[in-house]
Amino acid sequence: MTLDHVIKRIAIFGSTGSIGIQALQVIASNPDKFAVEVLTANTNDQLLVQQALKFNPNIVVIGDETKYESVKKALASTDIKVFSGEKSLEEVAGMDCYDLMLAAIVGFAGLKPTLSAINNGKAIALANKETLVVAGDIVMKMAVDKRVPIIPVDSEHSAIFQCLVGETRNRIEKVILTASGGPFLGRKTNYLVNVKREHALQHPNWRMGAKISVDSATLMNKGLEMIEAKFLFNLQPDQIQVVVHPQSIIHSLVQFEDGSIKAQMGLPDMKLPIQYALAFPKRIQSDFPRYDFRKVNTLTFEDPDLRTFKNLALAIDALNKGGNLPCVMNAANEIAVYAFLRNRIGFLEITDVIEKTMEKVPFIETPTLEEYFDSDGEARNYAADIIKL
Ligand code: NAD
Ligand code: MG
């Protein structure tokens, strides 16, 4: 049997989110290449059940235990196994019934199931960037030890990964991460002080989950991605540059020692990097719309405005200092972003919460996994205190 005829068994952790839904569209278009073995959701039981009835996985997990009975009942006529609770996510990730995990849970919650999958020797298609921001050194070391490939789904990192195919012996001089600039590109603090949830959720080029949409509006997303790039590609902080490219056609670039730069391009559509990661090392045919040079014929580039978008400056600081600082920053950011989404704090206060938390939580140079978890917890408590949650 050739590799072409093996059906890859996919576990989608976070199947009801923006990435999860698009991954299922990719899988539905390629039934001869992929089968769905595991689907998980946090609270959206209705969509999870709908997906399960359509894709007939072996297992579903609903995070919210109060929804277990309703999911179980809705799937009673099938032989799909139903689990619930946080612990089940880790346990199912440790099972043998799948080949590749699409890690598409948002935030710190994605870390433990992904660690469990790596420990279990399963390939990872990684959308959940927070996993690497929180504990990138430990995650990547475990992946090397277990010989587990981590294939990025984040469009910038997929671009870099694609540029690096065939370049294993060549040193990277630097990577250039492109940023759309988000919905508030060109705006200054006097404008940002008044922005509300609805504005921040309107991204010009991408439709994404709420948390990453706010991160894109504050530019924290690009900061998280710099840290993600450091661990994925084993880079020093000064090898990672961000350039604002509002058209989102060039998804990122790699510059080599001879000065040559490779870029990966295409229309902004997450289905492309999702499909690339699921099918790697093969490319598969798609009918996604193609980029037409005549339609978008001007590509522009500018520096990010670090004075206005201070979250990116804070993330660069965390990238440079390392240790538990990215983990602390991530935790404070999660608390602050959800508070902003619930209209508890203003847009600019997100930065204050992160900055104060980063100053407060004690620095640890080389944390153990347990210390990362503790730092996360401590940062969350402190950030929640500042907001008076
Ligand atoms: P989303 O909010 O749309 O979906 C998140 C998914 O995670 C849902 O299925 C939800 O049920 C699940 N989930 C949330 N909290 C959970 C918890 N505590 N326990 C278990 N499951 C939980 O998010 P998204 O936009 O799909 O993003 C997912 C991840 O992919 C994020 O880390 C994001 O940064 C990354 N990413 C997303 C995009 C995009 O275009 N959406 C692009 C690049 C990277
Ligand atoms: Mg991205």
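The values are calculated or read from the model by the stated rules, or taken from the named source; none is laboratory data. Since this is a predicted model, take the numbers as computed values, not measurements. All Cβ positions, glycine included, derive from the backbone under ideal geometry; neighbour counts span all protein chains shown. Please note that ligands, DNA and RNA were not included when accessible areas were found on the heavy atoms of the full protein model with its side chains. Shrake-Rupley method; radii C 1.70, N 1.55, O 1.52, S 1.80 Å.
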*Percentage relative contact order, the chain, counting C-alpha pairs under 8 Å, at least six apart*: 14 percent
*Quickly work out the GLU359-to-PHE288 label distance, labels modelled 7 Å from Cα along the C-beta direction, and quote it in nm with one decimal.*
4.3 nm
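What is the percent carbon and sulfur in the accessible area of the range 3-152, measuring with a 1.4 Å probe over the protein chains and ignoring ligands? If you can, show how the numbers build up before the last one.
On the way: 3290 of 6290 Å².
It is 52 percent, rounded to a whole number.
What GluC sites (Glu not before Pro) does the range 200-279 have in DSSP loop regions with at most 10 other beta carbons within 10 Å?
Numbers: sites: GLU225, GLU228, GLU257; in loops: GLU257.
Answer in residue order: GLU257.
Mean 1/r over all different Cα pairs, inverted: what Kirkwood radius does the range 3-152 give, in Å?
Details: mean 1/r = 0.0659 Å⁻¹.
One over the average 1/r among Cα pairs gives 15.2 Å for the range 3-152.
Ignoring ligands, DNA and RNA, what accessible area per residue does the range 173-267 give at 1.4 Å, in Å²?
Numbers: 3780 Å² over 95 residues.
Roughly 40 Å² per residue, with all protein chains present.
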_Accessible-area value, THR168, 1.4 Å probe, nucleic acids and ligands omitted, Å²_ = 130 Å²
*If you put +1 on each Lys and Arg Cβ and -1 on each Asp and Glu Cβ, how big is the dipole of the chain around its Cα centre, in Debye rounded to 20?*
940 debye
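So, counting K/R as plus one and D/E as minus one, what does the shell of residues with Cβ under 10 Å around SER155 add up to? Intermediate results must be reported in sequence, preceding the final value.
Numbers: positive: none; negative: ASP154, GLU156, GLU225, ASP269.
Net local charge, SER155 excluded: -4.
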_Probe 1.4 Å - accessible area at ASP352, Å² to nearest ten_ = 70 Å²
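Using 0.36 nm per residue, how much length does the chain from LYS271 to GLU257 gain when fully extended, once their Cα-Cα distance is taken away? Present the calculation step by step, with values, prior to reporting the outcome.
On the way: separation 14, 0.36 × 14 = 5.04 nm, distance 3.17 nm.
Using 0.36 nm per residue and subtracting the Cα-Cα distance, I get 1.9 nm.
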*From the residues ASN119, TYR382, LEU185, which one has its Cα farthest along the dipole of the chain in the positive direction, the dipole being from +1 and -1 charges on Cβ of Lys/Arg and Asp/Glu about the Cα centre?*
LEU185
*Would you kindly compute the Cα radius of gyration of the range 322-389 and its largest Cα-Cα separation (Dmax), both in Å?*
11.5, 36
*Please compute the Cα-Cα pair-distance distribution of the chain with 10 Å bins starting at 0, giving whole percents from short to long.*
5, 23, 33, 27, 10, 1, 0
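Compute the length gained on full extension between LEU47 and ASP385: take 0.36 nm times their separation in residues and subtract their Cα-Cα distance, giving the result in nm to one decimal. Spell out each step's value before the answer.
On the way: separation 338, 0.36 × 338 = 121.68 nm, distance 3.43 nm.
Result: 118.3 nm gained on full extension.
Take every Cα pair under 8 Å in the range 182-265 that's 6+ residues apart, average their separations, divide by the length, and report that relative contact order as a whole percent. List each step's numbers first, then the result.
Details: 59 pairs, mean separation 15.9, N = 84.
Over the range 182-265, the number comes to 19 percent.
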*Take the Cβ-Cβ distance between LYS321 and THR298 as r, set R0 to 45 Å, and report the resulting FRET efficiency rounded to the nearest 0.05.*
0.75
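Just reorder PHE108, PHE293, PHE34 by solvent-accessible area, largest first, 1.4 Å probe, all chains present. Don't skip to the end; give the middle numbers.
Values: PHE108 35, PHE293 135, PHE34 15 Å².
I get PHE293, PHE108, PHE34, largest accessible area first.
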*the range 93-162 to the range 206-283: how many Å between their Cα centroids?*
16 Å
*On the full set of protein chains, 1.4 Å probe, figure out the accessible area of HIS199 and give it in Å² to the nearest 10.*
80 Å²
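Counting Lys and Arg as +1 and Asp and Glu as -1, what is the net charge of the other residues whose Cβ lies under 15 Å from the Cβ of SER286? Mind showing how you got there, number by number?
Values: positive: LYS33, LYS271, LYS282, ARG283, ARG290; negative: ASP32, ASP269, ASP287.
Every neighbour counted, the sum reads +2.
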*ASP374 versus ARG307, label points 7 Å from Cα toward the beta carbon: distance in nm?*
4.1 nm
*How much length is gained if the chain between LYS141 and LYS87 is pulled fully straight, taking 0.36 nm per residue apart and subtracting their Cα-Cα distance, in nm to one decimal?*
17.1 nm
*Tally Lys/Arg at +1 and Asp/Glu at -1 over every other residue whose Cβ is under 15 Å from the Cβ of ILE212; what's the total?*
-2
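Over the range 322-389, give the accessible area per residue in Å² for a 1.4 Å probe, as an integer.
Numbers: 3060 Å² over 68 residues.
Ligands and nucleic acids excluded, the figure is 45 Å² per residue.
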*Hey, can you find the accessible area per residue of the range 1-134 for me, probe 1.4 Å, expressed in square angstrom?*
42 Å²
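What does the charge dipole of the range 3-152 about its Cα centre add up to, to the nearest 20 debye, if the Cβ of each Lys and Arg holds +1 and the Cβ of each Asp and Glu holds -1?
On the way: 15 positive and 16 negative charges, 32 e Å.
With Lys and Arg at +1 and Asp and Glu at -1, about 160 debye.
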